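**Student:** I am attaching a structure below and will ask some questions about it afterwards.
The values are calculated or read from the model by the stated rules, or taken from the named source; none is laboratory data. Keep in mind the model is a prediction, meaning the values are calculated, not measured. Methodologically, a virtual Cβ is constructed for each residue, glycine included, from the backbone with ideal geometry; neighbour enumeration extends over all protein chains shown. Surface accessibility is based on the protein's heavy atoms, side chains included, excluding ligands, DNA and RNA. Shrake-Rupley method; radii C 1.70, N 1.55, O 1.52, S 1.80 Å.
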Amino acid sequence: MTGQLQHTLLVQKQAAMRQPIPDVAQRRAALARLEGMVHCHADRMQRALMEDFGNRARPETVLAEILPLLDAIAYARARVGRWMRPRRVPVGLRFQPGRAWVEIRPAGCVGIVSPWNYPFLLSLQPVVDALAAGNRIMLKPSELAPACAGLLAIMLGDEFDRAEIAVTPGDATVGRAFCALEFDHLLFTGSTGVGRAVMQEAAARLVPVTLELGGKSPALLCPDSVADAAARRRTAHSLAVGKFFNAGQTCLAPDFVLVPRAHLDATAHALAEAAARLYPTLAGNADYTAQISERHLDRLAGLVDDAERRGLPILRHPEDRADRRAEQRAQRRLPPTVVVLPDLGEATRSASVMQEEIFGPVLPVLPYDTLDEALTFLDARPVPLGLYCYTDDPAQQRRVLDRTRSGGVTVNGTLLHCAQPGLPFGGFGQSGTGAYHGHAGFLRFSHRRAVYRPGRFSGFTWMTPPHGAMTRRALAVMLGGSRARPPATRP
């Protein structure tokens, strides 16, 4: 397999050498082929998702995989010509007359490693950006969604030559060999632990890496967002939609909620009630997505069991009953579950639901006494991929944005910042490095090449050894300009 991967990469690099900079018409044509492919195979994509998940809600597929892809393609096609243009930059006085500009060139051959939770979106959205930037692409989809990986290979193989886009399905051994290739850029989306290994492998070959990881994305409810029953209901509904979409199997899903202590119980119950309204039944409900595997289901059940052993209050779905659990388990359904924690202290932090990214329909709710306490708690944690701030008070919103760090933010909602094609999407710190989507993705998979052309009579053409009086006088004038500036003072 390693030999096949290396051969494919060689074929792509040779093709990139023959045509190093595809023109705007070629890039738009490639994006148009991708768009036609998504339209043509939307039903097959849904069937493949059903095969891998057991049940995947069709509206979720359209909302989270099909429409964002089509939006991203349309956004790039409309703007790629402008993105490609060289950009003039000012030339310093000492270097005039002269010209300086930046040329945007394709990186070359881009490797993409995609996860299982949104196997089409997170495989093809970076393909959109890489194609817009004029690159060749090798894609390694997740082995945990084999039907989707197989369909990606068929769809892209029908539309693109392997010298343009090559799909390499396979297990973790194939994935390790893939990440060891000498790409011009490698993008990995997945867990933090695997991301570290990928970065280490790429570092040995000095391959530039973009990591899209995850972490525990918080939702911070400011006092005005839960001050009365109507506000609590609106906030709880919004949070429940984002948390239980795809049954919680979303890297950006809110992973815990901070609530003013006076409203803790009422908000926790409002969240549980919102989940029950969204999904009045579980087993057999086409709107409620199944967990990807038995192993993943067991891990989530273990988180709830740990909370129960600790005596934490657990608000369960009405159908989370002993007589329904065998049927739910057979369909890999885990009921939406709200876990109430008592404080922000060490005992709370040691609970399993606060130790690892949940990636499922379990939502811890924690109280805070002051907004400063909540912000201090968030500041002490690893930087998350997303942050969700609920408030209608502009001053509180600004305070939260100024005091916190995260890959991205949605105010009074969840997940939606990643659906804006004009916004960069990516993590920061332990939630990832680098961003893509739209212009950010175009630049991520490009090389910004600096070019300078001196004028015919540039001063530096005669300031060469042997240095005479004219050179010394010119340097004295330049240094005199520097002395005219006030000296820097130490803090």
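**Student:** Does the range 52-76 hold any residues that are closer than 15 Å to Ala286 by Cβ and part of a helix (DSSP H, G or I), and which are they? Don't jump to the end; show me each part of the working.
**Tutor:** First, the residues of the range 52-76 that are closer than 15 Å to Ala286 by Cβ: 53-63.
Within the range 52-76, Phe53, Arg58, Pro59, Glu60, Thr61, Val62, Leu63 meet the criteria.
Here is a yes/no grid of residues against (1) in a strand (DSSP E or B); (2) free of Cβ contacts under 8 Å to residues at least 40 places away in the same chain; (3) open to solvent by 60 Å² or more (accessible area, probe 1.4 Å):
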site: Asp392; (1), (2), (3): no, no, yes
site: Ala395; (1), (2), (3): no, yes, yes
site: Leu401; (1), (2), (3): no, yes, no
site: Ser406; (1), (2), (3): no, no, no
site: Cys418; (1), (2), (3): no, no, no
site: Gly422; (1), (2), (3): no, no, no
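**Student:** I would also like to ask the following. Out of Arg27, Arg58, which single residue is within 14 Å of Tyr118 (Cα to Cα) and among the basic types (Lys, Arg)?
**Tutor:** Values: Arg27 fails: within 14 Å of Tyr118 (Cα to Cα).
From the options Arg27, Arg58, the qualifying one is Arg58.
Condition check ((1) hydrophobic (A, V, I, L, M, F, W, C); (2) out of contact with any strand residue (DSSP E or B) (no Cβ under 7 Å at 6 or more places or on another chain); (3) farther than 30 Å from Leu186 by Cβ) across all residues:
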site: Leu213; (1), (2), (3): yes, no, no
site: Cys222; (1), (2), (3): yes, no, yes
site: Val226; (1), (2), (3): yes, no, yes
site: Phe244; (1), (2), (3): yes, yes, yes
site: Phe256; (1), (2), (3): yes, no, yes
site: Asp265; (1), (2), (3): no, yes, yes
site: Ala272; (1), (2), (3): yes, no, yes
site: Ala276; (1), (2), (3): yes, yes, yes
site: Ala283; (1), (2), (3): yes, yes, yes
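**Student:** Same structure again: Yes or no: Leu258 assigned to a loop (DSSP other than H, G, I, E, B), within 29 Å of the chain's Cα centre (by Cα) and over 23 Å from Trp116 (Cα atoms)?
**Tutor:** Details: assigned to a loop (DSSP other than H, G, I, E, B): no; within 29 Å of the chain's Cα centre (by Cα): yes; over 23 Å from Trp116 (Cα atoms): yes.
Against the criterion (assigned to a loop (DSSP other than H, G, I, E, B), within 29 Å of the chain's Cα centre (by Cα) and over 23 Å from Trp116 (Cα atoms)), Leu258 does not qualify.
**Student:** Are any of the residues in the range 172-179 within 24 Å of Pro208 (Cα to Cα) and assigned to a loop (DSSP other than H, G, I, E, B)? Explain how you work it out, then say what you get.
**Tutor:** First, pick out the residues of the range 172-179 that are within 24 Å of Pro208 (Cα to Cα): 172-179.
Subsequent filtering for residues that are assigned to a loop (DSSP other than H, G, I, E, B) retains none.
No, there is no match, as no residue in the range 172-179 is within 24 Å of Pro208 (Cα to Cα) and assigned to a loop (DSSP other than H, G, I, E, B).
**Student:** Still on this model: Suppose we keep only residues that are open to solvent by less than 20 Å² (accessible area, probe 1.4 Å) and in a loop (DSSP other than H, G, I, E, B) within the range 77-114. Which one would you say is nearest to Met155 (Cα to Cα)?
**Tutor:** Of everything passing the filter in the range 77-114, Ser114 is nearest to Met155 (Cα to Cα).
**Student:** Read through the list (1) surrounded by 15 or more Cβ atoms within 10 Å (Cβ to Cβ); (2) out of contact with any helix residue (DSSP H, G or I) (no Cβ under 9 Å at 6 or more places or on another chain); (3) more than 30 Å from Ala16 (Cβ to Cβ), then give the number of the only condition that Leu385 fails.
**Tutor:** Answer for Leu385: the failing condition is (2).
**Student:** Starting from residues that are part of a strand (DSSP E or B) and farther than 24 Å from Ala253 by Cα, keep the ones in the range 180-208 and report whichever is farthest from the chain's Cα centre (by Cα).
**Tutor:** Initially, the range 180-208 is screened for residues part of a strand (DSSP E or B), giving 185-189.
Next cut, farther than 24 Å from Ala253 by Cα only: 185-186.
Working: His185: 16, Leu186: 14 Å.
Filtering first and then ranking leaves His185.
**Student:** Please verify whether the range 172-181 includes one or more residues that are buried (at least 17 other Cβ atoms within 10 Å of the Cβ) and farther than 14 Å from Ile112 by Cα.
**Tutor:** No, every residue in the range 172-181 fails to be buried (at least 17 other Cβ atoms within 10 Å of the Cβ) and farther than 14 Å from Ile112 by Cα.
**Student:** Just for the range 331-365: of the residues that are part of a helix (DSSP H, G or I) and in contact (Cβ under 8 Å) with a residue 40 or more places away in the chain, which one is surrounded by the fewest Cβ atoms within 10 Å (Cβ to Cβ)?
**Tutor:** We begin by selecting, within the range 331-365, every residue part of a helix (DSSP H, G or I); these are 346-350, 352-355.
Those still in the list that are in contact (Cβ under 8 Å) with a residue 40 or more places away in the chain too: 352-354.
On the way: Ser352: 19, Val353: 23, Met354: 21.
Step by step, filter the range 331-365, then rank; the result is Ser352.
**Student:** Also, I was wondering about something else. So which residues in the range 85-105 are among the hydrophobic types (A, V, I, L, M, F, W, C) and either touching a strand residue (DSSP E or B) at 6+ places or on another chain (Cβ under 6 Å) or closer than 20 Å to Asn285 by Cβ (or both)?
**Tutor:** Our first condition is that a residue be among the hydrophobic types (A, V, I, L, M, F, W, C); within the range 85-105, this holds for 89, 91, 93, 95, 100-102, 104.
Passing the criteria: Val89, Val91, Ala100, Trp101, Val102, Ile104.
**Student:** Between residues in the range 222-240 that are within 22 Å of Asp255 (Cβ to Cβ) and residues that are in a helix (DSSP H, G or I) and among the charged types (D, E, K, R), which pairs lie under 6 Å by C-beta distance while being six or more apart or on different chains?
**Tutor:** Here the result reads Val226/Arg232, each pair linking the range 222-240 to a residue that is in a helix (DSSP H, G or I) and among the charged types (D, E, K, R).
**Student:** Right, another one. In the range 16-23, is there at least one residue being buried (at least 16 other Cβ atoms within 10 Å of the Cβ), in contact with a helix residue (DSSP H, G or I) (Cβ under 7 Å, 6 or more places away or on another chain) and either within 20 Å of Arg136 (Cα to Cα) or touching a residue at least 60 places away in the same chain (Cβ under 8 Å) (or both)?
**Tutor:** Narrowing the range 16-23 to residues buried (at least 16 other Cβ atoms within 10 Å of the Cβ): 16, 22.
If we keep only those that are in contact with a helix residue (DSSP H, G or I) (Cβ under 7 Å, 6 or more places away or on another chain) as well, we get none.
Taking every residue of the range 16-23 in turn, none turns out to be buried (at least 16 other Cβ atoms within 10 Å of the Cβ), in contact with a helix residue (DSSP H, G or I) (Cβ under 7 Å, 6 or more places away or on another chain) and either within 20 Å of Arg136 (Cα to Cα) or touching a residue at least 60 places away in the same chain (Cβ under 8 Å) (or both).
**Student:** Being over 25 Å from Pro115 (Cβ atoms), open to solvent by 40 Å² or more (accessible area, probe 1.4 Å) and outside any helix (DSSP H, G or I) is the filter here, so list the residues in the range 271-329 that pass it.
**Tutor:** Once the filter is applied, which keeps residues that are over 25 Å from Pro115 (Cβ atoms), open to solvent by 40 Å² or more (accessible area, probe 1.4 Å) and outside any helix (DSSP H, G or I), the range 271-329 yields Pro280, Thr281, Gly284, Arg310, Gly311, Pro313, Arg316, Pro318, Arg321.
**Student:** Hey, another quick one. Would you confirm whether or not the range 135-156 contains a residue that is under 22 Å from Ala450 (Cβ atoms), under 21 Å from the mean Cα position of the chain (by Cα) and buried (at least 22 other Cβ atoms within 10 Å of the Cβ)? Step through it out loud before you land on a result.
**Tutor:** Pass one, the range 135-156, residues under 22 Å from Ala450 (Cβ atoms): 135.
Filter again for under 21 Å from the mean Cα position of the chain (by Cα), leaving 135.
Filter once more, so that each one left must be buried (at least 22 other Cβ atoms within 10 Å of the Cβ): 135.
Yes, the range 135-156 contains at least one residue that is under 22 Å from Ala450 (Cβ atoms), under 21 Å from the mean Cα position of the chain (by Cα) and buried (at least 22 other Cβ atoms within 10 Å of the Cβ).
**Student:** Just to verify a result, which residue in the range 444-463, among those that are more than 39 Å from the chain's Cα centre (by Cα) and assigned to a loop (DSSP other than H, G, I, E, B), is modelled with the highest pLDDT?
**Tutor:** Going through the qualifying residues, I end up with Gly455.
**Student:** Any idea which of (1) among the β-branched types (Val, Ile, Thr); (2) under 24 Å from Arg33 (Cα atoms); (3) more than 22 Å from the chain's Cα centre (by Cα) is the one Thr173 doesn't satisfy?
**Tutor:** Unmet condition: (2).
**Student:** While we're looking at this one, here's another question. Hey, Gly242 hits all of (1) modelled with pLDDT of 95 or more; (2) in a loop (DSSP other than H, G, I, E, B) but one; which does it fall short on?
**Tutor:** (2)
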